[in-house]
There are 2 protein chains.
Amino acid sequence: MAEATKSKKAASDAAAGIRPGEVAVELPARTDASLYYIGRIRTPWKTRDECPKNGRESDAVCTIEVDPRWAAGLAGLETVSHVLVLYWMHEARRDLLVQAPRHYAEHRGTFALRSPVRPNPIAAAVTRLQRIEGNTLYVTGLDCMDGTPLLDLKPYFASTDAAPDATVGWHAGRKR
Amino acid sequence: MAEATKSKKAASDAAAGIRPGEVAVELPARTDASLYYIGRIRTPWKTRDECPKNGRESDAVCTIEVDPRWAAGLAGLETVSHVLVLYWMHEARRDLLVQAPRHYAEHRGTFALRSPVRPNPIAAAVTRLQRIEGNTLYVTGLDCMDGTPLLDLKPYFASTDAAPDATVGWHAGRKR
């Protein structure tokens with residue numbers, strides 16, 4: 001790339017909130033499927049910067065308020081120890097393929113990261129269930145912003161969901 | 001409910017594919033967010049009945065074909081041992097709150113089950129990564145139908161995603 005083009009691109013990237021080394025893609029013109037928000041997550045964290053780095057860094061009890069329409073679907077969930085919570089990271093941009101997240105010095109592909117920024121900003125969090133009262137779950141293990149939209153709740157099965165020997169090579173060898 | 005009304009409801013439920021004891025809800029008039037299909041999953045199973053009961057019941061190597069548009073996002077994922085795969089169960093109905101899944105004798109709330117039928121039919125599967133070739137991942141641990149749309153790939157972190165002591169009370173005490 002010529003220097004003039006490069007500096008023009010750098011200025012345009014900075015205006016778009018893209019840091020040096022990050023790669024954005026043009027999003028498809030159409031989407032393929034649609035989601036319902038089925039409730040809201042209440043946490044102590046009002047901004048992304050306030051959020052813990054991950055769900056096990058805080059022992060805050062957060063609440064998950066399921067909309068009354070869906071409440072009958074909770075029957076039986078009170079018998080589980082851990083709930084897999086899927087939620088929608090509604091403030092995240094969706095077009096970055098290579099990112100420089102705030103905690104790490106190096107760039108990585110989006111699918112090698114747990115960053116909220118991804119084509120479909122769905123988070124999966126393993127939470128410990130304290131109790132259910134009516135439509136409200138009390139859990140630990142969340143790290144999201146207050147008001148985050150809920151997409152799904154699932155029982156966590158150790159037999160299929162636990163891989164305690166799993167490794168993430170780049171993370172083990174990362175520079176900070 | 002009067003007997004005539006009951007039998008009318010039973011006939012209408014049967015026509016809608018609702019089994020006795022299942023509870024359907026009216027879906028909201030609007031959706032709240034939209035998804036991109038970012039690839040396709042290839043498996044040996046062409047129908048839901050052919051699929052294994054869960055991902056650890058089969059050691060079939062399945063492939064995940066990421067669309068070229070998103071391929072740059074895979075950088076670094078080759079260093080992980082396990083990938084959390086989110087996919088869209090595109091053939092599932094979305095309106096059942098209480099279900100009688102094929103494997104179990106009793107009814108449960110949707111959120112106490114891993115059934116594909118749920119308001120947002122997103123599946124989360126913990127897979128073991130064999131290798132990545134270009135845009136294609138080779139993994140074990142999937143149980144979905146061939147052609148299933150892909151939503152997301154994430155590195156699996158044992159530190160936050162593994163809960164080997166998790167229990168599901170209703171499952172331990174279930175009748176078959």
field: Complete set of residues in region A:101-116 that are at the interface with chain B (Cβ under 10 Å from one of its Cβ atoms) and of a type in the set (S, T, Y)
entry: A:T110, A:S115
- prompt: Of all residues in region B:23-51, how many are assigned to a loop (DSSP other than H, G, I, E, B) and within 11 Å of chain A (Cβ to nearest Cβ)?
  reply: 11
message: Contact list please: Cβ distance under 6 Å, first residue in region B:15-36 and among the small types (G, A, S), second residue modelled with pLDDT of 85 or more, pairs at least six apart or on different chains.
response: B:G21/B:H107; B:A24/B:I18; B:A24/B:D95; B:A24/B:L96; B:A33/A:L35; B:A33/A:W88; B:S34/A:T31; B:S34/A:S34
message: Among the listed residues A:A75, A:A60, A:A71, identify the single one that is in contact with a Lys or Arg (Cβ under 7 Å, 6 or more places away or on another chain) and open to solvent by 20 Å² or more (accessible area, probe 1.4 Å).
response: A:A75
- request: Restrict the check to region B:1-14 and report whether at least one residue is in contact with a strand residue (DSSP E or B) (Cβ under 7 Å, 6 or more places away or on another chain) and either within 12 Å of chain A (Cβ to nearest Cβ) or surrounded by 14 or more Cβ atoms within 10 Å (Cβ to Cβ) (or both).
  value: no
task: Find the residue count for region B:78-91, including only residues that are touching a Ser or Thr at 6+ places or on another chain (Cβ under 8 Å) and surrounded by fewer than 17 Cβ atoms within 10 Å (Cβ to Cβ).
output: 2
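This table checks each residue for (1) more than 10 Å from every other protein chain (Cβ to nearest Cβ); (2) in contact (Cβ under 8 Å) with a residue 60 or more places away in the chain.
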{"residue": "A:L86", "(1), (2)": "no, yes"}
{"residue": "A:L97", "(1), (2)": "no, yes"}
{"residue": "A:A125", "(1), (2)": "no, yes"}
{"residue": "A:E133", "(1), (2)": "yes, no"}
{"residue": "A:T140", "(1), (2)": "yes, yes"}
{"residue": "A:A172", "(1), (2)": "no, no"}
query: Which members of region A:65-103 meet the condition of being under 17 Å from A:R118 (Cβ atoms) and part of a loop (DSSP other than H, G, I, E, B)?
result: A:M89, A:H90, A:E91, A:A92, A:R93, A:R94, A:D95, A:A100, A:P101, A:R102, A:H103
message: When you scan region B:145-155, do you find a residue that is facing chain A (nearest Cβ under 8 Å), β-branched (V, I, T), assigned to a strand (DSSP E or B) and under 30 Å from B:E22 (Cβ atoms), even just one?
response: no
task: Return the total of residues in region B:127-144 being in a strand (DSSP E or B) and either aromatic (F, W, Y) or open to solvent by 20 Å² or more (accessible area, probe 1.4 Å) (or both).
output: 9
message: Quick test of your reading of the structure: A:P119 fulfils all but one of (1) facing another protein chain (nearest Cβ under 7 Å); (2) part of a loop (DSSP other than H, G, I, E, B); (3) open to solvent by 20 Å² or more (accessible area, probe 1.4 Å); (4) not hydrophobic (A, V, I, L, M, F, W, C). Name the failing condition by number.
response: (3)
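The values are calculated or read from the model by the stated rules, or taken from the named source; none is laboratory data. Small disclaimer: the values here were computed from a predicted structure and weren't measured. No Cβ is skipped: glycine too gets one built from the backbone with ideal geometry, and neighbour counts run over all protein chains shown. These accessible areas exclude ligands, DNA and RNA; they are computed on the full protein's heavy atoms, side chains included. Shrake-Rupley method; radii C 1.70, N 1.55, O 1.52, S 1.80 Å.
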